[in-house]
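Here's the structure, in structure tokens; my notes come after.
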Amino acid sequence: MARFEDLDVWRRAVALSAEVYRQLDSCRDFGFRDQITRSALSIPSNLAEGLERETIPDKVRFLEYAGGSSGEFRTQAIVGERAGFIDAEVAGRWGAESRELSAMIQGVIRGLRRMS
């Protein structure tokens, strides 16, 4: 399997996380900002941790965490939009990207399970 740094899903998750940090840099609701940046950061972090694991069940477990974080992030983007912290266009783009990341993560999981 390729290094996690070479995978498009990881690179896109890193780009999304960095964008979230930049976009919310001036958000004064520190609890919200902390939560959404953590969930965004958790996506590529769990991808990396999982793909560095030795066994397929360990890899899959951390990839499932990454997928869960993607859903958590998507929920927080919706809440952030409704609370007025995030512009509707940005929230929509983040939601679409997180759905694509979730699908890509599921594809990697299916591939790993076929290997076992």
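The values are calculated or read from the model by the stated rules, or taken from the named source; none is laboratory data. All values derive from a computational prediction rather than experimental measurement. A quick note on method: Cβ atoms are made from the backbone with ideal geometry, for glycine too, and the neighbour counts reach across all protein chains shown. Ligands, DNA and RNA are excluded from the accessible area calculation, which covers all protein heavy atoms including side chains. Shrake-Rupley method; radii C 1.70, N 1.55, O 1.52, S 1.80 Å.
Any idea which residue in the stretch 65-82 is farthest from the chain's Cα centre (by Cα), counting only those that are closer than 11 Å to V20 by Cβ and of a type outside the set (A, V, I, L, M)?
Only one residue fits best here, namely G80.
Which residue pairs have Cβ atoms under 6 Å apart, sit 6 or more places apart or on different chains, and have a first residue in the stretch 36-56 that is open to solvent by 30 Å² or more (accessible area, probe 1.4 Å) and a second that is of a type in the set (K, R)?
Matching pairs, first to second residue: R53/K59.
Of everything in the stretch 68-110, what is within 15 Å of D8 (Cα to Cα) and of a type outside the set (A, V, I, L, M, F, W, C)? Give them in sequence order.
Of everything in the stretch 68-110, those that are within 15 Å of D8 (Cα to Cα) and of a type outside the set (A, V, I, L, M, F, W, C) turn out to be E97, S98, R99, E100, S102, Q106, G107.
In the stretch 80-103, what count of residues is obtained for those that are surrounded by 12 or more Cβ atoms within 10 Å (Cβ to Cβ) and in contact (Cβ under 8 Å) with a residue 24 or more places away in the chain?
Of the residues in the stretch 80-103, 11 are surrounded by 12 or more Cβ atoms within 10 Å (Cβ to Cβ) and in contact (Cβ under 8 Å) with a residue 24 or more places away in the chain.
Looking at the stretch 1-30, I want the residues that are open to solvent by 60 Å² or more (accessible area, probe 1.4 Å) and have a partner that is part of a helix (DSSP H, G or I) with Cβ atoms under 6 Å, at least 6 apart or on another chain. Which pairs are those?
That search, which allows pairs on different chains as well, returns Y21/T37.
Would you tally the residues in the stretch 58-69 being touching a residue at least 12 places away in the same chain (Cβ under 8 Å) and either β-branched (V, I, T) or closer than 17 Å to L112 by Cβ (or both)?
Adding up the residues that qualify gives 8.
Out of Q76, Q106, which single residue is within 22 Å of R28 (Cα to Cα), in contact (Cβ under 8 Å) with a residue 12 or more places away in the chain, of a type outside the set (F, W, Y) and part of a helix (DSSP H, G or I)?
Residue meeting the stated conditions: Q76.
F85: closer than 20 Å to Y21 by Cβ, aromatic (F, W, Y) and part of a helix (DSSP H, G or I), yes or no?
no
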